[in-house]
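All of the numbers you see were taken from the coordinates with simple rules; none came from a lab. Since the model is a prediction, treat every value here as computed from it, not as a measurement. Note that we place each Cβ from the backbone using ideal geometry, even for glycine, and neighbour counts take in every protein chain shown.
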Amino acid sequence: MRLFWVLLGPGILVMLGENDGPSMISYATTGASYGIGFFLPFILLTFAMAYVVQEMTVRLGAVTKKGHAELINERFGKFWGWFAMGDLVFGNLLTLVTEFIAIRAGLGFFHVPAAVSVLGAFLLIVAAVATQRYWTWERIVLSFAIFNLIFIPVAVMAHPVASDVVKAFFTWGPLPGGVNAAFMLLIMSNIGATVTPWMLFFQQSAVVDKGLTPKDITHGRVDTALGALLAAVAASATLLATVPLFTHHVDASNFQGADFAKALIPHVGNIGASLFALGLFEAGIVAALTISLSSAYAFGEVSGRSASINSPMKENIPFYAFLFAAAGIAALLVLIPNAPLVFITLIVNVIAVLAMPPAIVFLLLLVNDKEIMGQHANRILGNVFGIGVTIFLILAGLAYGILTIFPHLLTTS
C-alpha cells in the first residue's frame, strides 16, 4: 500500500483532469436534454475506451522512459514530431479556454468577478509549477482533483429514480426527439469528454517525470483504472444532478455554466447548487493545471529541451515560458465579452474527438514496436481493443458530419 501511494498519480490525474470544465458542462447539458436513459450507460462505455487508450501510454512511458512527443519525433521523424506537437498545442489552447470558462462560471455563481476568478486561477497554475518538483505539483493537483466527486451529493439531492437508473443499463433509451444533429453533438461531446489527445501526451510524460519503470506497470494500470472509475462515477453524478431540469422541461440549450447551478436551486436547494458551482470550478482548475503542463511537455520533448517540472526554472526558461504562455493566452481569451460559452465547450469536445483517431494510430504503431517495447509490446487483444476504439471514433465523426450537413437524413421519431 505504501508503494501504491507513492506510485499513485498520473492515472487518477489524467482521468479526473479529463472530467474538466467542458466535460462537466457536456454531462449537465446531456442530463437536462435527455434525462436518464441512453447516455448513462454510454458514459461508462466512453471511460472503458479511455482506459484502453491510457493503459498503452502507461506501458510506453514506463518502458521507454520517453514522452509521447519525443517518441514520435524519434521513430517517425521531426516533421511528424512537430506536427503532433502543433496539433496538440492548438487543441490544448482551445480546451484551456473552456477550462477558464468553467472556472469563471463556477465562481460567477458566488458573484466573483470574471477577471478576479480568471487571474486567480492563472496565478494558481504559476504557483503549482513554481515548486519545481513533480511530486509536490502532483499532490497539489490531486488535492483539487478529489473534489471532482462533489457532484455525487448533488446527484443524491436531485433524488433520481433508482428503477430508471437500473433500467437505463438494459434499454439504453428512450431518446426524446430521436437520432438527429443535436443528439450527435452530445454524442461527440460526451466522447470528447473522456478520450482526447492531450491525455496521451500528459500521462506518458507524467509517468516518465515520476520515474515509473517496467516493474511498476501493474501499479500504473491500477492507478489508471481507479482514475477511470472515479471519473465515471463523477460524470454519471453530474448527469443525474441535472435530470430534474429534463423532468420539469427546462430548456438548457442556451445555458451558460453558472445557469445550471441557478436552475438547480428549486430542485437541490442552495447547498446543492453551490456544490455544483464549486464542482465546475474544480473541474476547470484541475484540467487547466494538467493540460497546460501537457503542452509544455510536448514542446520540451520535440525541441530537444528538458521536459520536466523537476528541472530548475532558471535552467529551463523555454519550457516554463511555454507553459505560462499557453495558460495566459487562454485566460485572456475567456474574458472576451458575450462569447457563447456553452456552445464553445461542446464544440471543443467535438474537435477533440475528430483529432483523436490519428493520435491513436501513432500510439498503436509505437506500442507495437517491439524494438522499443520488447515483451511489453501490444498483444492481440490489446490491438483488437485499440483498433476497435479507433474505428468507433471514426464512425462517430462520420455520423456527426453527415447529420450536420443533412440534418433530416436520419431523424427518427
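Tabulated data
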| read-out | value |
| --- | --- |
| Separation of the THR247 and VAL126 label points, Cα + 7 Å toward Cβ, nm | 4.6 nm |
| Choice from GLY227, GLY61, GLY401 showing the highest fluctuation, given a GNM over the chain with Cα pairs closer than 10 Å | GLY401 |
| FRET E, pair ILE402, ILE336, Förster distance 30 Å, beta-carbon r, rounded to 0.05 | 0.40 |
| Subset of LYS314/LYS370; LYS210/LYS262; LYS215/LYS314; LYS167/LYS262; LYS66/LYS314 violating a 31 Å alpha-carbon distance limit | LYS314/LYS370; LYS210/LYS262; LYS215/LYS314 |
| Student exercise, region 212-370 dipole from Lys, Arg, Asp, Glu Cβ charges, in Debye to nearest 20 | 180 debye |
| Dipole magnitude (debye, nearest 20) for region 2-405, charges at Cβ of Lys, Arg, Asp, Glu | 540 debye |
| Spatial separation of Cα centroids for region 189-246 and region 13-54, in angstrom | 10 Å |
| Two-site label geometry, ASN383 and ASN180: point separation in nm, points 7 Å out along Cα→Cβ | 4.4 nm |
| Computed helical MRE - 222 nm, the chain, DSSP H runs ≥ 4 contributing -39500 (n - 2.57), nearest 500 | -25500 deg cm²/dmol |
| Summed residue charge, Cβ within 14 Å of PHE201's Cβ, Lys/Arg positive, Asp/Glu negative | -4 |
| Of the DSSP H helices in the chain, those whose Cα atoms cover at least 30 Å axially and whose Kyte score averages -1.0 or more | 39-64, 78-108, 217-241, 257-303, 341-367, 380-405 |
